[in-house]
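The values are calculated or read from the model by the stated rules, or taken from the named source; none is laboratory data. Here the structure is a predicted model, which is why all the values come from computation and not from measurement. Backbone-built Cβ (ideal geometry, glycine too); neighbour counts: all protein chains shown.
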Amino acid sequence: MDEVYFPPRELEVMSILWRLGSATVAQVRDALDEELAYTSVLSALQTLEEKGFVRHEAEGRAYRYLPVVGAERAGGSAMARIRDAIFHGSAEKMFAQFVADEKLGRDELQRMRRLLADRLGEEGE
């Protein structure tokens with residue numbers, strides 16, 4: 001399970017599970033942006049379970065679904081696809097796009113700077 005890829009609907013369901021930690025079909029359905037039938041949400045969760053991305057536990061008469069794969073792992077895979085498809089494999093160009101985002105505040109940019117320094121082994125500099 002190296003490459004993690006979610007089609008849009010599955011990604012939306014996973015995003016809800018990551019945010020909530022776990023959820024029933026009804027809770028996922030209520031949290032979705034679009035109105036979907038209960039059976040459509042159940043089908044998406046069952047597909048995610050078949051792929052090994054979620055698991056379920058019995059909770060009364062319902063099932064509670066829990067993510068098995070973390071958002072960070074899925075995010076890394078998605079970022080790699082974006083880097084390759086949009087930025088022609090250049091992490092530098094992708095990083096430049098992040099830094100150029102005017103919505104980033106000074107605090108977040110400072111945290112990014114620290115992450116870079118840590119990665120380069122420049123903690124005390």
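Just a few scattered comments:
- Selection count, segment 1-18, where residues are modelled with pLDDT of 90 or more and of a type in the set (Phe, Trp, Tyr): 1
- The single condition among (1) charged (D, E, K, R); (2) outside the structural domain of Phe6 (by TED's automatic domain parsing); (3) under 19 Å from Pro8 (Cβ atoms) that Glu108 does not meet is (3).
- Selection from segment 24-54 of residues that are touching a strand residue (DSSP E or B) at 6+ places or on another chain (Cβ under 8 Å), over 20 Å from Gly75 (Cβ atoms) and of a type outside the set (Val, Ile, Thr): Ala26, Leu45, Glu49
- Here Tyr63 passes the criteria (1) modelled with pLDDT of 90 or more; (2) assigned to a helix (DSSP H, G or I) except the one numbered (2).
- Near pairs, Cβ below 6 angstrom, 6+ apart or cross-chain, from segment 92-120 (within 19 Å of Ala80 (Cβ to Cβ)) to any residue that is surrounded by 11 or more Cβ atoms within 10 Å (Cβ to Cβ): Lys93/Phe87; Met94/Arg83; Met94/Phe87
Quick grid of which residues meet (1) touching a residue at least 12 places away in the same chain (Cβ under 8 Å); (2) buried (at least 16 other Cβ atoms within 10 Å of the Cβ); (3) of a type in the set (S, T, N, Q):
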site: Tyr38; (1), (2), (3): yes, no, no
site: Leu45; (1), (2), (3): yes, yes, no
site: Val54; (1), (2), (3): yes, yes, no
site: Pro67; (1), (2), (3): yes, yes, no
site: Asp84; (1), (2), (3): no, no, no
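- Answer residue from segment 68-125, given it is among the small types (Gly, Ala, Ser) and in a loop (DSSP other than H, G, I, E, B) and is modelled with the lowest pLDDT among those: Gly124
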